[in-house]
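Everything on this sheet refers to the single structure shown next.
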Amino acid sequence: MAVSTNGDKNVNNRYYFLVPDGSNGIPKKEGGYASSWHTDNASILFYAISNNDERIIEAERSDDEDVYYVDVDVDFTLGFWSNGYNPTVSTVNIQLEYYDAGESALYPDGLESFNEMIYVVDPNVLIISSRYQLQGEWYYYYGNGCYGVTKNGNVNECLRDDHNHYDIGDSNVDGVVNVMDATTIQRHLAQLNWISEENFYLADVDKDSIISIIDATIIQRFVAGMIKEM
Ligand SMILES: [Ca+2]
Ligand SMILES: [Ca+2]
């Protein structure tokens with residue numbers, strides 16, 4: 001158990017959290033990922049648990065719009081993040097004290113504390129029980145949405161884009177939405193190429209669960225400036 005050095009009983013650790021968005025929300029049946037696990041009218045909550053106490057803490061937005069944080073009393077040994085919304089999406093229970101050696105593949109020597117670290121959800125792991133539960137891993141947080149596995153790392157070690165963020169409409173997955181994306185859909189429909197299941201959600205612009213010529217037309221209209229958003 002961590003011991004306060006200044007006699008103050010309430011010593012907090014700060015835990016950061018990366019909210020999945022873009023292509024790293026809940027995996028969808030038809031492939032790809034939902035846009036996000038939380039909505040604008042929901043809070044990001046942290047449930048802190050100790051042997052004799054439980055507390056719900058509303059997270060603050062950090063220096064990056066996708067990154068939230070909470071300050072949690074070091075006595076709390078377990079916690080999980082939740083969207084505070086129905087349907088409830090949360091992380092699995094997260095160990096808050098330390099990693100023993102060998103407990104995490106990323107930190108074979110273990111970690112003494114997760115203070116100032118960030119918990120990042122892995123969108124590829126989903127456990128469905130009474131709630132949607134997402135698993136993640138702790139990383140060192142460098143600020144501005146950047147994180148990595150090197151202590152005192154910097155922007156060069158930034159894993160911010162580890163979970164790819166592609167805009168809806170970027171059906172050829174090259175990082176820009178332009179007329180080539182409409183062409184990619186047309187070629188898909190003509191069976192000249194194939195948009196993978198994984199990237200289906202990028203091409204299904206109107207979200208009717210099929211890739212059709214309407215999706216290509218919407219992209220063309222967007223690229224031509226006839227519509228402001230897709
Ligand atoms: Ca593109
Ligand atoms: Ca569609």
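Points worth noting:
- Verdict on R221 being without any contact (Cβ under 8 Å) to a residue 40 or more places away in the chain, within 14 Å of ligand 1 (Cβ to nearest atom) and not β-branched (V, I, T): no
- Residue in segment 154-165 that is closer than 30 Å to V19 by Cβ and either of a type in the set (G, A, S) or within 16 Å of ligand 2 (Cβ to nearest atom) (or both) present: no
- Residues being modelled with pLDDT under 80 and of a type in the set (V, I, T) - total across segment 114-165: 4
- Residues located in segment 196-207, provided they are within 14 Å of ligand 2 (Cβ to nearest atom) and not hydrophobic (A, V, I, L, M, F, W, C): N199, Y201, D204, D206, K207
- Scanning segment 178-195 for residues that are outside any helix (DSSP H, G or I) and within 13 Å of ligand 2 (Cβ to nearest atom) yields a single hit, I195.
- Here S209, S196, S171 are screened, and the one residue that is away from ligand 1 (no atom under 16 Å from the Cβ), out of contact with any strand residue (DSSP E or B) (no Cβ under 9 Å at 6 or more places or on another chain) and outside the structural domain of V121 (by TED's automatic domain parsing) is S209.
The values are calculated or read from the model by the stated rules, or taken from the named source; none is laboratory data. Everything numeric here is computed off the predicted structure, so don't read it as measured data. Glycine gets a Cβ as well: all are built from the backbone with ideal geometry, and neighbour counts include every protein chain shown.
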